[in-house]
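*Asks:* Below: one structure in structure tokens.
Taken together, the values in this text are just the output of simple stated rules run on the coordinates, not laboratory data. Keep in mind the model is a prediction, meaning the values are calculated, not measured. FYI the Cβ positions are ideal-geometry reconstructions off the backbone, even for glycines, and counts take in every protein chain you see.
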Amino acid sequence: MIIDFHTHIFPSFFRDNRSLVFSREPAFESIYYSSRAKLVGATELLKSMDEEGVHRSVIFGFPWEKEENYRRHNDYVIESVLHNPDRLIGLCCFSPISPGAPKEVERCLNAGLSGVGEIAIYGSGISPETIEGLREVMYLCTQFDVPFLLHTNEPVGHEYPGKAPMTLRQIYHFIRAYPTNRIVLAHWGGGIFFYALMKKEVREALKNVWLDTAASPYLYSPDIYRLAGELIGFDKILFGTDYPLIKPNRYFKEMESARLSSGAIEQITGLNAANLLGLSARA
């Protein structure tokens, strides 16, 4: 079973009226100002899944600051999962600085969603205040036994929409603050897996951490699959496309060019996600 762990869908309200939202949601504007930045719904995602051979996808929205926006978006994710329970797995999303976040997490998880994410603050790094402010959300994730997906990115290199000014130290402080939570770091965790080579502390801190591959073809050479697998284990890598940014087939070709074993590819493309989400890997 192939599972895409990182996809974004939007209800028609946002797809058809994106410019009306910009003034109140600067992070959304910074990423989706251009009409070339695609917004798709569940129908388009399911069509792509059928074309690309993806069996199930983890879907989520956007980290909106305004309650009316994240509730509307999470409702669409809930509805999409209810209509396609064998294909779609939903996470609830919101800005981590939103005061109503814990209440929204409880509402969405009780409605059948399977975790929290992709949580991000695109205009800043992961401050100590943000880390502490998520404490109740992270507690709820442990109570419901669900994973938490955090947006991370590399702290060096070129700029692009959605790249937050964060550091590896900030990412590390976050995972150290919540050692019992199952945490997924998007976009290869910004490269933090390299420090699993250190003799003290870091490998232990990464024990309950997974990395997804979202946007990898734009950022890294295919060698990253092999190197990350050697450093933290192929069982800690989750295939994620960041759809509709990049389609799955491009990732499959890169895994093949990295000369991964068939077993490693099977782990990355489905088994690891199935284990993390408590699914039957052969469903």
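*Asks:* Residues with amide H under 5 Å of VAL184's amide H, sequence separation 5 or more or different chain, H placed in the peptide plane at 1.01 Å from N; which?
*Replies:* The list, which skips near neighbours in sequence, is PHE148, LEU149, LEU150, TRP210.
*Asks:* Also, quick follow-up: Please count, across the stretch 3-277, the pairs of lysine residues with Cα atoms under 19 Å apart that sit 8 or more places apart or on different chains. Present the calculation step by step, with values, prior to reporting the outcome.
*Replies:* Details: LYS38/LYS47; LYS38/LYS163; LYS38/LYS247; LYS47/LYS247; LYS66/LYS103; LYS199/LYS207; LYS207/LYS236.
Going through the stretch 3-277 pair by pair, I get 7.
*Asks:* With bins 5 Å wide starting at 0, give me the P(r) of the stretch 155-214 over every alpha carbon pair, in whole percents.
*Replies:* Whole-percent P(r) values from 0 Å outward: 4, 17, 30, 27, 14, 6, 2, 0.
*Asks:* Next question, about the same structure. What size of dipole, in debye to the nearest 20, comes out for the stretch 1-149 about its Cα centre when the only charges are +1 on Lys and Arg C-beta atoms and -1 on Asp and Glu C-beta atoms? Display every interim value, and only then the final one.
*Replies:* Values: 14 positive and 21 negative charges, 53 e Å.
Computed about the Cα centre, the dipole is about 260 debye.
*Asks:* For the stretch 1-104, would you read off the P(r) tail past 25 Å as a percentage of all alpha carbon pairs?
*Replies:* Details: 1099 of 5356 pairs.
Value for the stretch 1-104 (Cα pairs over 25 Å): 21 percent.
*Asks:* Taking the Cα centroid of the stretch 147-197 and of the stretch 214-283, what is the distance between the two, rounded to the nearest whole Å?
*Replies:* For the stretch 147-197 versus the stretch 214-283, the Cα centre distance is 17 Å.
*Asks:* Relative contact order (percent) for the stretch 99-205, with alpha-carbon contacts under 8 angstrom and 6 or more residues of separation? The partial results should precede the final answer.
*Replies:* On the way: 130 pairs, mean separation 30.7, N = 107.
The value is 29 percent.
*Asks:* Take peptides 126-135, 177-186 and line them up by average Cβ neighbours within 10 Å, highest first, as a rough protection proxy. Before the final figure, lay out each step's value.
*Replies:* Working: 126-135: 15.8, 177-186: 19.7.
Descending packing order for the listed peptides: 177-186, 126-135.
*Asks:* Quote the Stokes-Einstein diffusion coefficient, in whole µm² s⁻¹, for the chain, based on the Kirkwood radius over alpha carbon pairs, a temperature of 20 °C and a viscosity of 1.002 mPa s.
*Replies:* On the way: Rh = 18.7 Å.
Translational diffusion coefficient: 114 µm²/s.
*Asks:* What ranking do 89-97, 144-152, 222-230 get when scored by the average of other Cβ atoms within 10 Å per residue, highest first? Walk me through the numbers on the way to the answer.
*Replies:* Details: 89-97: 24.4, 144-152: 21.6, 222-230: 17.9.
Top to bottom by mean Cβ count within 10 Å: 89-97, 144-152, 222-230.
*Asks:* What does the charge count around PHE62 come to, taking other residues whose C-beta lies under 14 Å from its C-beta (Lys +1, Arg +1, Asp -1, Glu -1)? Write out the running numbers ahead of the final one.
*Replies:* On the way: positive: ARG15, ARG18, ARG24, LYS38, LYS66, ARG71, ARG72; negative: GLU25, GLU29, GLU65, GLU67, GLU68, ASP75, GLU104, GLU118, ASP242.
Net of charged neighbours comes to -2.
*Asks:* Given the -39500 (n - 2.57) contribution per DSSP H run of 4+ residues, what per-residue ellipticity at 222 nm results for the chain, rounded to the nearest 500 deg cm²/dmol? Mind dumping the intermediate values first?
*Replies:* Details: 15 runs with 119 residues, N = 283.
Value at 222 nm, helices only: -11000 deg cm²/dmol.
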